[in-house]
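Structure record follows, encoded as structure tokens.
Values in this text are rule-based calculations from the coordinates and carry no lab data. Treat the numbers as computed from the prediction; the structure is a model and nothing was measured. Glycine gets a Cβ as well: all are built from the backbone with ideal geometry, and neighbour counts include every protein chain shown.
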Amino acid sequence: MLRGITTASSGMLTDQRLEQALANNLANLQTPGYKAVAGESLSFPQQLIVAMKDTGSSVIGQLGTGAVYQEGVPYFGQGAIASTGRNLDVAIQDNLQAGTYASVVGPNNQPISAQGQITSGLNGRLTMNGQPLAILNGQNQIVPNVYAAVNPAYKPANSTVGLVASDGKPNYDSAGNPSYVFVNAQGKIIGSSASSAFADLGIRVGNQNDMGVHQFFPVGYTAFNGNTGVVLTQDGHFSINAKHQLVDVNGNPILPIDSVTGRPIVGGHININPNYTGKALFASNGTALTDAQGQLSFQAVNATGQVISTGRLGTVGADVTNVSPLGQSEYMVNGTIQSGTALGGLTFYNSNNPNRASLLPGELEQSNVNQNQTMTEMDQILNEYQANQSVLQSEAQALDLATTDIGKVNI
């Protein structure tokens, strides 16, 4: 009964957090470039009920111990693009290819997103574009020297059943055989998801809405402790501060891009010319425009105020599986504010590496929140909360009965 109380109460707390995430989505329905956040819940570590025998142990079932709100995952589907006619508005048209994406083993043994089809390579190892799929644990950390391989004993009911389920775990046939097993570098089977040691391991598979390299405007960010660095935004509703610098909705400077290297000019600014008389400020490639008097619409400067002739408004890429919300419209990469010159986790675009996005001056990407779907999900979670509340009340009544009536001696 006590376990029933803690399980139901954990479900109620999880439902509260999920409801908060959906309410935040609704509150940002009109926020340009806002990406809806999907709340992800996770079951507590499950206890295996094992019947001990002379020949060893056999698993006879699992007993759940509740749920916990794990994280909010942004959904990076493209929002509708609307024309505003405002010369400080610039939308990003993300041209990321549609299709299947998966995390593969990248440099420094870190998972990166690749696009293509999952195939079976040497020793049945699952790969994408010749790279082995990354095996991730429950904390989304890569597990070194462990790979996924097709299980030869797997016999799906039909050819439409894939090797990977929607949560990245294997599918199972009617005999209970998993579609893939875990192998070492030599191709030797070392376990499967049926084993408690491998139960939290899986593959990350998605699409262009939740994986892959998307495009962002680089932003110069100053933290509350004074540390500075680079963060990202897709909100192109810019404004100008008192110094005539281009800033985002939170007042942080939009960093110019060096068109030669494709890298953001850290510490730099885009200075809008107050004497410029033209209507548009940015060309479609992010460069400055010239008015009838020959004046440039803006100049890009570095941290010391020196004009950079190759500076322009532009974007950088980031794998959205490594991106996390920082505030209303800004994102961190790899869970930190990128500082220094390395800018790890960012992809830069120049003439040798063409940009995967188009800039649309005078237009604005709208929030991708689906109002009707969000309201439906909020009603569903409310029903789940009420169901957990009923379970909690029933458990409390049973516990009260056990402590007050059972075992009472009638005299």
Practice prompt. Would you order Arg356, Arg3 from fewest to most other beta-carbon atoms within 10 Å of each residue's own beta-carbon?
Written response: Arg3, Arg356
Worksheet item: According to the square roots a ≥ b ≥ c of the eigenvalues of the Cα gyration tensor, what is the shape class of the stretch 87-132, taking rounded for a/c under 1.5, prolate for a/b larger than b/c otherwise, and oblate for the remainder?
Response: oblate
Fill in: Helix 371-404 axis, angle to the chain major axis (alpha carbon atoms, nearest 10°)
30 degrees
Discussion item. Which of Thr376, Thr336, Thr321 ends up with the largest GNM mean-square fluctuation for the chain, with Cα atoms connected below 10 Å?
Written reply: Thr376
Discussion item. Based only on other Cβ atoms within 10 Å, what is the fewest-to-most ordering of Ser309, Ser113, Ser120, Ser193?
Written reply: Ser309, Ser120, Ser193, Ser113
Fill in: Low-density loop positions, trypsin sites (Lys or Arg not before Pro), the stretch 169-244 - DSSP coil, at most 11 other Cβ in 10 Å
Lys188, Lys243
Practice prompt. Identify which of Gln386, Gln78, Gln397 has the largest mean-square fluctuation in a Gaussian network model of the chain, with springs joining Cα atoms closer than 10 Å.
Written response: Gln397
Worksheet item: Which ordering of Thr228, Thr315, Thr347 is given by a fewest-first count of other beta-carbon atoms within 10 Å?
Response: Thr228, Thr347, Thr315
Discussion item. What's the magnitude of the charge dipole for the stretch 213-365 around its Cα centre, counting Lys and Arg as +1 and Asp and Glu as -1 at the beta-carbon? Answer in Debye, nearest 20.
Written reply: 260 debye
Worksheet item: How far is helix 2-27 tilted, in degrees, relative to the longest principal axis of the Cα atoms in the chain, given as a value from 0 to 90 rounded to the nearest 10?
Response: 20 degrees
Worksheet, complete the sentence: Given unit charges at Cβ for Lys, Arg (+) and Asp, Glu (-), the dipole magnitude of the stretch 99-206 about its Cα centre in debye, nearest 20, is 140 debye
Worksheet, complete the sentence: Shape call for the stretch 345-411, from the Cα gyration tensor axes a ≥ b ≥ c (a/c under 1.5 means rounded, otherwise prolate when a/b beats b/c, else oblate), comes out prolate
Discussion item. Among 26-32, 98-104, how do they line up by average Cβ neighbours within 10 Å per residue, starting with the highest?
Written reply: 98-104, 26-32
Item to complete: Note down the magnitude of the dipole of the chain about its Cα centre, charges +1 on Lys and Arg C-beta and -1 on Asp and Glu C-beta and zero elsewhere, to the nearest 20 debye.
Response: 940 debye
Item to complete: For an R0 of 30 angstrom, estimate the FRET efficiency from the Cβ-Cβ distance between Leu29 and Val307 and round to the nearest 0.05.
Response: 0.15
Item to complete: Could you point to the label whose value was computed as Rg and Dmax of the Cα atoms in Å for the structure here, given [x] 26.5, 107; [y] 21.7, 63; [z] 25.1, 69?
Response: [x]
Worksheet item: Relative to the present Cα-Cα distance, how much length would full extension add between Gln93 and Arg17 at 0.36 nm per residue of separation?
Response: 24.2 nm
